[in-house]
Amino acid sequence: MSFRATSGGLSGMPLSSMPAVAIDTETTGLDVETVRIVEIGAVRLDSFAPGPQPEFSELIDPGIPIPEASTEIHGIVDSDVEGAPPFPERVAQFTAWAGTAVVIGYSIGFDLAVLRAEHERHGLRWQPPRALDVGHLVDLVAPALPERSLETAASWLGVEISDRHRALGDARAAAEVYRAVVPKLREKSIVTLAQAERAVRALSARITEEARAGWHDPGGPSDSTDIAEYVRIDSYPYRHRVAALMKSPPLTAGNDRTVKSVLATMMEGKVSSLFLPPEADSEPHGIVTERDILRAIDRDGPSALEAPVGGLGRRPLISIHKDEFVYRAIAEMSGRGIRHLGVLGEDGALCGALSARDLLRQRAGDSVSLSQSIEAAGSRFELGRVWSQLTAVARALVFEEVDARNIASLISRELRALTKRAGELASAEMADDGLGDAPAPYALLVLGSGGRGESLLAMDQDNALIYADDAPDDADAWFAELGRRTADILNEAGVIYCPGGIMAANAAWRKPLGVWRDTVRSWIERSRAEDILNCDIFFDAQAVLGTADMADSLRTEALGLARQARTFQQFLAINAGNFDTPIGMFGRFRTEAGRVDLKIGGIMPVFSTARVIALMQGIEARTTPKRLAAARGLETVPEKDVDDLIEAHRILLGLILGQQLRDIDAGVALSNKVDPSDLTGFEKQEMKWALERVSLVSNLLGVPALGR
């Protein structure tokens with residue numbers, strides 16, 4: 001009958017998306033050890049947007065007379081609670097209603113203390129909830145307020161209070177103050193639950209004062225991340241691509257073939273479906289399944305067997321790319337209620353087939369929840385809540401020792417899905433606000449590591465927008481608003497604004513196609529330092545929303561120009577080799593504030609070198625390992641150097657990811673820096689070996705490494 005344990009995945013959840021219940025109690029007095037609860041009121045924040053929320057408001061028979069002094073405060077008299085359930089029965093109802101949400105409240109330490117005392121008094125097991133004191137959060141952003149009262153905080157934040165000193169009224173007020181203070185916390189880089197808990201722990205004087213009064217310390221997380229939290233995810237769908245399971249080549253049947261002959265082909269091939277070719281050049285492929293044939297026979301009888309199969313086919317055929325992860329295929333089938341997918345190759349042509357039978361050995365539940373929920377999120381609030389599930393998935397995969405490069409690819413895939421959904425939500429909001437639809441075709445792009453497939457959890461926004469040259473003169477204002485709202489939605493979901501401003505919200509990264517062509521050409525021809533950086537980011541671009549052909553053609557043109565520009569390639573090579581190694585004299589790690597930057601002196605030279613090789617060799621691959629592998633055939637490059645760099649890249653990504661997961665739980669702002677004191681002896685040896693191998697980039701580039 002105590003509070004339910006929260007999920008270990010909540011630590012990295014943005015406060016604006018966190019499942020929360022604001023509570024308040026009315027009691028027979030102020031002595032936390034002896035008072036009894038007479039009323040519980042609560043508000044569940046199912047959405048961060050203003051508006052009605054689910055509420056709980058119930059009286060409790062305290063089993064003792066209510067003192068007159070208490071009645072003067074809350075107005076509850078003995079006759080009001082006569083016949084009400086006692087505490088054990090009422091608290092069971094309340095905790096079932098509250099579920100596993102984080103408990104918030106103003107001066108929540110008092111309420112938790114009296115709840116604990118009531119549990120002990122009635123012989124009930126007490127498990128404290130994960131909790132945040134809204135008053136503490138107000139202290140973090142407004143420490144100079146004249147009073148710490150709910151009234152003062154509400155007045156400062158412009159929150160109206162009604163039914164003061166009744167449990168539900170105070171719970172409502174606490175919920176509204178919480179919603180008003182979260183944006184102010186974000187301005188101070190306090191975004192997640194664990195970051196808020198960490199910041200609150202610094203309010204030592206106030207917490208000490210409350211502890212002396214017997215209040216419960218909300219403290220940090222009361223949940224524990226045990227083995228069950230890690231192993232509940234089947235890692236296979238996150239580690240394998242569709243190409244590993246598909247049947248190839250795909251079996252097809254002409255539209256004019258009889259149903260009877262097609263059924264015979266299915267039986268012979270032991271398949272449950274066949275693909276149908278387009279009936280005309282502009283039409284899509286189709287599919288006919290066993291179930292389609294059975295329905296036709298049930299409807300038309302034996303004559304159905306002589307009918308042309310093209311009349312039974314369903315179009316368009318739902319397809320998926322062969323390089324997508326298996327969990328994406330599971331989500332696609334589950335979300336659409338279908339059992340078959342076509343599989344597309346690099347050229348966009350059908351190259352295989354995937355059926356539900358191929359996926360039977362996979363547990364679909366966890367696989368579906370991540371990808372399908374991002375794409376189905378109907379609001380900013382829902383998007384942030386779903387996105388935070390990625391931390392739990394990443395943690396589980398690390399526990400199962402899945403290759404960090406696969407995890408990075410998964411994170412990048414969902415970052416692109418999140419960016420797409422943020423753009424869709426932004427566009428829908430604009431339509432609702434009377435701003436209309438897009439004035440011209442456009443493409444929203446994810447750049448850098450997100451496009452390359454190597455993002456980890458310390459991500460920020462790198463995106464751009466291209467729109468058609470024949471757009472109306474005032475079109476840029478619409479696209480600027482789309483970029484701004486998309487950036488805001490991503491930031492609220494936990495993907496922070498790009499510190500360098502590389503976002504479609506900024507004019508430099510939002511242009512007509514023709515202007516983009518001129519811009520990219522100027523980058524390559526001028527080859528200034530900032531141009532090199534911009535090209536580095538742009539070459540890894542992937543379109544996530546809108547007209548992908550527009551983005552693909554621009555990228556293809558940019559790569560073609562870069563392959564012909566030897567001077568530009570030389571500048572890229574010099575830039576890739578210009579880094580400071582984090583290993584100092586006597587093999588010791590160079591640290592700043594106790595941490596080693598594994599991006600600047602580690603993975604950045606490696607992925608930059610891989611990109612230069614891809615340009616020089618005309619390699620279309622985006623990922624660093626595939627780009628590096630292309631250097632194996634070069635006479636001037638020892639294969640062992642290539643293999644060592646690929647392995648060093650894997651090790652460094654894994655070390656960064658492990659540190660990020662630890663920092664999420666500790667409420668530390670995420671970065672690409674690793675604390676050597678957090679590592680085992682073996683991990684330190686691996687880190688040193690990997691960093692020493694980074695200097696091998698000079699052998700691949702043909703220029704000296706400038707790192708110290």
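The values are calculated or read from the model by the stated rules, or taken from the named source; none is laboratory data. Given the structure is predicted, the values throughout are model-derived calculations rather than measurements. Note that each Cβ is placed from the backbone with ideal geometry, even for glycine, and that neighbours are counted across all protein chains shown. Heads up: the accessible areas ignore ligands, DNA and RNA and are worked out on the full protein's heavy atoms, side chains in. Shrake-Rupley method; radii C 1.70, N 1.55, O 1.52, S 1.80 Å.
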Item to check | Per residue Cα convex hull volume in Å³ - calculated over the range 567-708 | outcome: 115 Å³
Next on the checklist: Can you compute the charge dipole magnitude of the range 36-99 about its Cα centre, using +1 on each Lys and Arg Cβ and -1 on each Asp and Glu Cβ, nothing else charged? Give it in debye, rounded to the nearest 20.
Outcome noted: 300 debye
Checklist entry - Of L700, F568, A422, whose Cα points farthest to the positive end of the dipole of the chain (charges on the beta-carbon: +1 Lys, Arg; -1 Asp, Glu; origin at the Cα centre)? => result L700
Checklist outcome for this item: If the chain between H240 and A211 were fully extended at 0.36 nm per residue, the gain over the current Cα-Cα distance would be 5.3 nm
Checklist entry - So which helices of the chain fit the span-like rule, where a helix is a whole DSSP H run, its Cα atoms reach 24 Å or more along the axis, and its mean Kyte-Doolittle is at least -0.5? => result 167-187, 404-432, 475-493, 548-564, 639-666
Item to check | Relative packing of 203-209, 422-428, 682-688, which averages over residues the other C-beta atoms within 10 Å, highest first | outcome: 422-428, 682-688, 203-209
Item to check | Cross-link table K184/K420; K626/K688; K270/K626; K247/K673; K420/K599, entries beyond 31 Å C-alpha to C-alpha | outcome: K270/K626; K247/K673
Checklist entry - When the distances between all Cα atoms of the range 163-213 are binned every 5 Å from zero, what whole-number percent does each bin get? => result 4, 18, 16, 17, 23, 18, 4
Checklist entry - Out of the DSSP beta bridges found with both residues in the chain, what percent are antiparallel (nearest 5)? => result 75 percent
Checklist entry - Under a Cβ-Cβ cut-off of 15 Å, what is the net charge of the residues other than G618 that fall near it, where Lys and Arg count +1 and Asp and Glu count -1? => result +4
Next on the checklist: Can you compute the FRET efficiency between M267 and D433 using 1/(1 + (r/R0)^6), with r the Cβ-Cβ distance and R0 = 45 Å? Round to the nearest 0.05.
Outcome noted: 0.20
Checklist entry - In what sequence, largest accessible area first, do W387, W215 appear using a 1.4 Å probe? => result W215, W387
Item to check | Cα centre as origin, Lys/Arg/Asp/Glu Cβ charges: the chain dipole, Debye | outcome: 2600 debye
Item to check | Counted charge near A98, where neighbours are those whose Cβ lies closer than 9 Å (Asp, Glu -1; Lys, Arg +1) | outcome: +2
Checklist outcome for this item: Output for the range 75-178: trypsin sites (Lys or Arg not before Pro) sitting in coil per DSSP, at most 11 other Cβ within 10 Å, listed by number, reads R125
Checklist entry - Under the rule of -39500 (n - 2.57) per DSSP H run of 4 or more residues, summed and divided by the residues of the chain, what mean residue ellipticity at 222 nm is obtained, to the nearest 500 deg cm²/dmol? => result -14500 deg cm²/dmol
Checklist entry - Along the charge dipole of the chain, which of A113, L185, V32 sits closest to the positive end, that is, farthest toward it, with unit charges on the beta carbon of Lys, Arg, Asp and Glu (+1, +1, -1, -1)? => result L185
Next on the checklist: Just the number please: accessible area per residue for the range 514-616, 1.4 Å probe, all protein chains included, in Å².
Outcome noted: 45 Å²
Item to check | Inter-probe distance in nm under a simple model that places probes 7 Å from Cα toward Cβ, at W97 and A508 | outcome: 5.3 nm
Next on the checklist: Restricting to DSSP loop positions (anything but H, G, I, E, B) with no more than 12 other Cβ atoms inside 10 Å of their own Cβ, which GluC sites (Glu not before Pro) remain in the range 151-192?
Outcome noted: E160
Checklist entry - Pulled fully out, how much extra length does the chain show between Q685 and S2, if you take 0.36 nm times their separation in residues and subtract their Cα-Cα distance? => result 241.3 nm
Checklist entry - Which one of T265, I320, G254 is farthest out on the positive end of the charge dipole of the range 249-324, using unit charges on Cβ (Lys, Arg +1; Asp, Glu -1) and the Cα centre as origin? => result T265
Checklist entry - Where does the charge balance sit around L572 when Lys and Arg score +1, Asp and Glu -1, over other residues with C-beta under 14 Å from its C-beta? => result +1
